[in-house]
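One structure is given here, and the rest of the page talks about it.
Throughout, read-outs are computed from the coordinates displayed, never taken from laboratory work. Being a predicted model, the structure only gives us computed values, none of them experimental. Backbone-built Cβ (ideal geometry, glycine too); neighbour counts: all protein chains shown.
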Amino acid sequence: MSVAIVTGSCGLVGSETVSFFSGKGLDIIGIDNNMREFFFGKDGSILWNKQRLIKNYKNYRHFDIDIRDESGVNKIFRKFSKDILLVVHAAAQPSHDWAAKEPQTDFSVNATATLILLEAFRKYCPQAVFIFTSTNKVYGDRPNHLPLVELEKRYELPKEHPYYKGIDESMSIDNCLHSLFGASKVAADILVQEYGRYFGLKTAVFRGGCLTGPAHSGAELHGFISYLVKCCILVKKYRIFGYKGKQVRDNIHSFDLVNAFYHFFRNPRCGEVYNIGGGRFANVSILEAIEICERISARKMVVEFEDKNRIGDHIWWISDVSKFMSHYPEWNYRYGIEDTIKDIYAAHKEIL
């Protein structure tokens with residue numbers, strides 16, 4: 001038996017990982033206790049996705065435990081220790097705003113639980129590969145100090161700027177405002193690197209831009225495009241927080257992200273860090289995304305502007321994925337931005 005352990009297995013990245021690696025012949029051990037509903041209410045619940053995974057994937061086993069439960073985590077790793085080839089850690093508290101409400105909960109989920117998982121990995125399956133879904137928020141608000149130019153529908157960098165093609169891993173994570181969420185993810189990010197570099201284990205940190213796809217349970221505090229599409233379908237007011245809706249995100253479809261995981265899994269390295277996102281291939285401002293939703297649905301959206309931006313929020317983020325592509329030149333994108341939004345729209349239309 002060949003096993004992959006996936007935390008947050010019923011979320012966006014986790015469920016895509018289940019689907020992808022099931023197709024590669026691995027047995028999947030999923031860990032998810034639907035804490036997302038605690039964070040975001042019914043909009044954030046992943047129970048529908050849990051039922052879908054159990055129904056569709058016979059090689060999927062679900063464990064409804066909290067990743068902060070050290071005893072429970074160790075019990076799972078011990079049980080499958082001889083067969084574990086891969087650990088994908090996708091569980092997280094993912095919201096700036098929510099983290100400020102309960103900093104200790106945020107840190108325990110994002111940082112302490114990551115340490116628990118890394119120790120179980122080191123103890124029970126050090127021969128395996130450990131992949132961590134980090135975030136571009138580890139760079140704090142430093143990208144906001146770039147010389148951005150305001151255009152009609154987006155902010156943009158001048159073409160001659162070194163970061164025009166995207167922000168790479170050389171950007172400093174120090175001396176800037178991160179939000180408490182960003183700080184807890186930095187702690188986890190560094191831990192994963194250290195377990196690779198200090199202990200010589202096969203670990204990777206993927207610092208994602210906007211991760212999205214049809215399995216995303218988007219809520220107002222997290223899941224930009226998924227929630228936008230949901231508002232479009234339900235004719236629900238969508239609130240834009242600051243920057244006139246011209247803030248730019250690169251968006252990577254969950255399939256393209258997990259395919260990147262697969263390429264790393266096949267040829268792993270120790271303690272690597274990769275910026276990963278839609279890059280110049282797939283990026284969009286909120287105003288541009290609204291236009292795409294309106295075009296797909298043939299419906300005018302209801303939009304409300306708030307002057308105040310979210311603390312630590314990026315005005316412009318596009319990932320430079322050239323480091324990953326240089327290490328894994330066979331990997332490439334399948335989904336452009338409009339393809340991704342159409343995919344989400346079709347999936348949400350069926351269940352809403």
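Quick notes on this structure:
- Kirkwood Rh in Å, taken over segment 32-116 so that all alpha-carbon pairs contribute: 14.3 Å
- Note on residue 297 and residue 47: their simple-model spin labels are 2.5 nm apart, each label 7 Å out from Cα toward Cβ.
- Helix-only [θ]222 nm of the chain, DSSP H runs n ≥ 4, -39500 (n - 2.57) each, per residue, nearest 500: -11500 deg cm²/dmol
- Selection from 25, 258, 111, by position along the positive dipole direction of the chain (Cβ): 25
- Isolated Cys residues of the chain, judged by Cβ distance under 4.7 Å to other cysteines: 10, 125, 176, 210, 231, 270
- Semi-axes of the equivalent ellipsoid for segment 124-183, Cα gyration tensor, largest first, Å: 30, 15, 11
- In the distance distribution for segment 3-351, Cα-Cα pairs more than 30 Å apart total 31 percent.
- Tilt relative to the chain, helix 70-79 - C-alpha long axis, 0 to 90 degrees, to 10: 60 degrees
- Relative contact order (%) - the chain, alpha-carbon pairs under 8 angstrom, separation at least six: 19 percent
- On Cα atoms only, tilt of 254-266 relative to the major axis of the chain in degrees: 40 degrees
- Neighbour-limited loop hits for chymotrypsin sites (Phe, Trp or Tyr not before Pro), segment 181-222 (at most 11 other Cβ within 10 Å; DSSP other than H, G, I, E, B): 198
- Based on alpha-carbon atoms, the Kirkwood radius and the radius of gyration of segment 158-312 give Rg/Rh equal to 1.01.
- Candidates 5, 196, 248 compared by Cα position along the dipole of the chain: farthest toward the positive end lies 5, with charges placed on Cβ.
- Share antiparallel - DSSP beta bridges, the chain, percent rounded to 5: 15 percent
- Label separation (residue 352 vs residue 174): 4.5 nm, computed from points 7 Å beyond Cα along the C-beta direction.
- Fewest-first ranking of 317, 331, 48, 98, using other Cβ atoms within 10 Å as the exposure measure: 48, 331, 98, 317
- With a simple spin-label model that places each label point 7 Å from the Cα along the Cα-to-Cβ direction, the separation between residue 266 and residue 79 comes to 3.1 nm.
- Between 0 and 90 degrees, the angle of helix 47-56 with respect to the longest Cα principal axis of the chain falls at about 60 degrees.
- Every Cα-Cα pair in segment 263-323 was counted, and those over 14 Å apart are 73% of them.
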